[in-house]
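Just so it is clear, none of the values below were taken in a lab; they were calculated from the coordinates. Note that the structure is predicted; figures quoted are calculated from it, not measured. Reconstructed Cβ throughout: ideal geometry from the backbone, glycine too, with neighbour counts over all protein chains shown.
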């Protein structure tokens with residue numbers, strides 16, 4: 001749930017910034033990839049702590 005909310009929040013921010021012309025397409029792509037990596041690492045962290 002935490003990963004979904006965080007991911008959609010960042011995407012909404014960059015969608016709004018792109019709509020007003022502040023963010024470029026490359027910034028949105030890097031933000032999307034960054035959010036995906038953070039979500040994967042967070043999921044791995046949760047999986048690691050639940051096995052203890």
Being more than 13 Å from the chain's Cα centre (by Cα) and surrounded by fewer than 13 Cβ atoms within 10 Å (Cβ to Cβ) narrows 1, 47 down to just 47
Could you check region 35-52 and list, in sequence order, the residues that are assigned to a helix (DSSP H, G or I) and either without any contact (Cβ under 8 Å) to a residue 12 or more places away in the chain or touching a strand residue (DSSP E or B) at 6+ places or on another chain (Cβ under 8 Å) (or both)?
37, 40, 41, 44, 45, 46, 47, 48, 49, 50
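Anything in region 10-21 that is part of a helix (DSSP H, G or I) and either more than 11 Å from residue 32 (Cα to Cα) or touching a helix residue (DSSP H, G or I) at 6+ places or on another chain (Cβ under 9 Å) (or both)? List them, or say none.
Within region 10-21, the subset part of a helix (DSSP H, G or I) is 10-19.
If the condition is that a residue be part of a helix (DSSP H, G or I) and either more than 11 Å from residue 32 (Cα to Cα) or touching a helix residue (DSSP H, G or I) at 6+ places or on another chain (Cβ under 9 Å) (or both), then 10, 11, 13, 14, 15, 16, 17, 18, 19 are the ones that fit.
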Going through region 18-40 in order, the residues found to be surrounded by 11 or more Cβ atoms within 10 Å (Cβ to Cβ) and either more than 15 Å from the chain's Cα centre (by Cα) or within 17 Å of residue 4 (Cβ to Cβ) (or both) are 18, 23, 24, 31, 32, 34, 35, 36, 38, 39, 40
